[in-house]
């Protein structure tokens with residue numbers, strides 16, 4: 001089962017599928033955020049220090065990393081497969097127990113870094129130039145992920161900035177909605 005999932009994520013995923021999924025997810029998330037600012041304010045303010053969400057996303061991150069490590073071709077490092085698997089499992093428990101400060105932010109950062117790879121793989125050497133919408137988004141995810149893992153207080157500050165004035169929230173949501181619409185249109189017409 002893990003081999004099939006790895007094959008799907010890193011070999012079989014088409015640019016069209018990625019375009020549809022990412023585009024629809026962006027539109028749905030930003031439309032919901034646009035319509036429900038008041039509901040999301042408390043949740044987003046508490047998100048960086050939400051331990052339950054952090055552990056849940058961290059479990060997904062470590063399971064994903066374990067899947068990648070277990071199924072990828074390790075070549076001459078094949079003898080390290082089992083020790084690194086044990087380190088990953090121990091790492092999950094160690095991080096979830098001892099790194100409680102901004103755990104949700106760090107877990108989201110790891111998730112963004114992991115999610116960028118299938119997107120980049122699907123767009124690799126594909127002919128339509130519009131694929132660069134997904135490539136650019138994947139690199140934004142990577143950069144944000146690295147900063148949020150290394151300096152997690154930045155997400156807290158970014159959320160506070162976006163929520164500080166109502167005039168910031170709506171344009172940000174509309175920008176995300178527009179980007180999602182552009183990706184979805186490109187998925188329908190060009191990918």
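Only the coordinates and a few stated rules stand behind these numbers; no lab work does. Keep in mind the model is a prediction, meaning the values are calculated, not measured. Using ideal geometry, Cβ is built from the backbone for each residue, glycine included, and neighbour counts are taken over all protein chains shown.
Here are some notes:
- For 16, 100, order by how many other beta-carbon atoms lie within 10 Å, fewest first: 100, 16
- Cα gyration tensor shape of segment 10-109, rounded if a/c is under 1.5, else prolate or oblate by comparing a/b with b/c: oblate
- Estimated [θ] at 222 nm from DSSP helical runs (n ≥ 4, -39500 (n - 2.57)) normalised by residues in the chain, nearest 500: -26500 deg cm²/dmol
- Alpha carbon convex hull of the chain, projected area averaged over orientations, nm²: 12.0 nm²
- Structural descriptor for the chain: relative contact order 40 percent, calculated from alpha carbon pairs under 8 angstrom and at least 6 residues apart.
- Each of 40, 172, 58 has some number of other Cβ atoms within 10 Å of its Cβ, and from fewest to most they run 172, 40, 58.
- Sorted by Cβ density within 10 Å, fewest first, the residues 177, 15: 177, 15
- Cα centroid of segment 1-61 to Cα centroid of segment 121-191, whole Å: 12 Å
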